[in-house]
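The values are calculated or read from the model by the stated rules, or taken from the named source; none is laboratory data. Remember, predicted model here, so these are calculated numbers, not experimental data. Every residue, glycine as well, gets a Cβ built from its backbone with ideal geometry; the counts of neighbours run over all protein chains shown. Heads up: the accessible areas ignore ligands, DNA and RNA and are worked out on the full protein's heavy atoms, side chains in. Shrake-Rupley method; radii C 1.70, N 1.55, O 1.52, S 1.80 Å.
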Amino acid sequence: MQNQDVFILAIESSCDDTAAAVLNNNQVLSNVIANQLIHNQYGGVVPELASRAHQQNIVPVIDAALKKANITKEQLSAIAFTQGPGLMGSLLVGSSFAKSMAAALSIPLIAVNHMHAHILAHFIDEEGFEKPEFPFLALTISGGHTQIVRVDGFFDMTIIGETTDDAVGEAFDKSAKILGLPYPGGPLVDQLAQLGNPKAFSFTKPKVPGLDFSFSGLKTAILYFIQKNQKENPHFIEENKNDICASIQHTIIAILMDKLKQAVKETGIKQVAIGGGVSANSGIRSTLKEAEQKYGWKTFIPKFEYTTDNAAMIGIVGYQKYLSQHFEASSVVSKARIPF
């Protein structure tokens, strides 16, 4: 089966981006994303508005993905969709469309775990990007997740460390909000951090046993730090914004790297891959690259367009499941929380 052309249509609708991609085996033919800018005015994703926007976007996005891939729907081998985790209303739009289209075309339906997809995005064929070999460690970092995963096979993954409270993306976004930066604030913190001194201010790193993370205490510490300094100097944020962002980012990266170093030591696995929206952060990317020289690791950083939520990563999981004939009945249900 691996010698034939397999065309997978993938649909991703777990949060506020409606995405569709077409893959020919391991190669991406198209990867189309419709962003929902309406949430910016609310300072965060509004679930009801997200699901309505998905309903408006899903047909034109899938149509665009098929046209860009230059194939017809009749050529499709299977349809893959995000089953979870995510916002229930958003997930239902994607899964309902996938089920209906698969039934209409009489082709297999494939359910995909969104977090598996962030990890397996590394197996998309891209010029200039190497693929990790099993076993490897994956650091999945996003607005909703912070995990260290031992990956022994395409569908043999074990979480060996995760956040006990907030995710790293939440720490970036909440810090941005405290500083008065617009939503989404994480990328803005990254931009300003590049202009500042990462050692200007120090924040205590949380002491969490094992390979687990915690970011709620850091968020609180940043809030109190800003409040205290603003009392003494009302212009403190404006006068020190770059240094504050650089110091926050430096602390968050140090927390992530401490746990990664511990995971490598405990497992003996020196191949490390990152995935998820926060893996787009320039500081995390450069620090991980430095680790190759510093610690003798082999690191894998995904192409930028495969870091945030996208359908190509859903498609690569769909392709691997297609090869093993891992299909679903139309009775499969979406799940806001899904077993890893």
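Assorted remarks:
- Restricting 98, 104 to residues that are modelled with pLDDT of 95 or more and either surrounded by fewer than 16 Cβ atoms within 10 Å (Cβ to Cβ) or within 30 Å of residue 239 (Cα to Cα) (or both) narrows the list to 104.
- Residue selection: residue 315 fails the criterion of being touching a helix residue (DSSP H, G or I) at 6+ places or on another chain (Cβ under 6 Å) and either modelled with pLDDT of 95 or more or in a loop (DSSP other than H, G, I, E, B) (or both).
- Considering the conditions (1) touching a Leu at 6+ places or on another chain (Cβ under 7 Å); (2) modelled with pLDDT under 95; (3) closer than 26 Å to residue 302 by Cβ, residue 150 is excluded by exactly one of them, (2).
- Every pair of residues 6+ apart whose Cβ atoms lie under 8 Å, when the first sits in segment 268-290 and is aromatic (Phe, Trp, Tyr) while the second is modelled with pLDDT of 95 or more: none
- Contacts under 9 angstrom Cβ, first residue in segment 175-188 being under 12 Å from residue 278 (Cβ atoms) and of a type outside the set (Gly, Ala, Ser), partner assigned to a helix (DSSP H, G or I) and open to solvent by 60 Å² or more (accessible area, probe 1.4 Å), 6 or more apart: 184/40
- For segment 189-216, residues that are closer than 28 Å to residue 267 by Cα and of a type outside the set (Phe, Trp, Tyr) total 11.
- Any hit, segment 156-178, residues being in contact with a Ser or Thr (Cβ under 8 Å, 6 or more places away or on another chain), open to solvent by 30 Å² or more (accessible area, probe 1.4 Å) and over 27 Å from residue 45 (Cα atoms): yes
- Selection status of residue 262, modelled with pLDDT of 95 or more and closer than 21 Å to residue 213 by Cα: yes
- If you go through segment 55-83 and keep only what is more than 11 Å from residue 32 (Cα to Cα) and either β-branched (Val, Ile, Thr) or part of a loop (DSSP other than H, G, I, E, B) (or both), you end up with 59, 70, 71, 72, 76, 77, 79, 82.
- Within segment 242-263, residues that are of a type in the set (Val, Ile, Thr) reach partners that are open to solvent by 20 Å² or more (accessible area, probe 1.4 Å) and part of a helix (DSSP H, G or I) with beta carbons closer than 7 Å, at six or more positions or on different chains, in the pairs 253/287.
- Any hit, segment 294-307, residues being in a helix (DSSP H, G or I) and open to solvent by less than 30 Å² (accessible area, probe 1.4 Å): yes
- Test: residue in segment 143-151 that is over 16 Å from the mean Cα position of the chain (by Cα) and either crowded, with 24+ Cβ neighbours inside 10 Å or over 24 Å from residue 7 (Cβ atoms) (or both): yes
- Selection within segment 182-206: residues that are in contact with a Ser or Thr (Cβ under 9 Å, 6 or more places away or on another chain) and modelled with pLDDT under 95. The member of this set that is surrounded by the most Cβ atoms within 10 Å (Cβ to Cβ) is 186.
- Every residue from segment 204-231 that is within 23 Å of the chain's Cα centre (by Cα) and hydroxyl-bearing (Ser, Thr, Tyr): 214, 216
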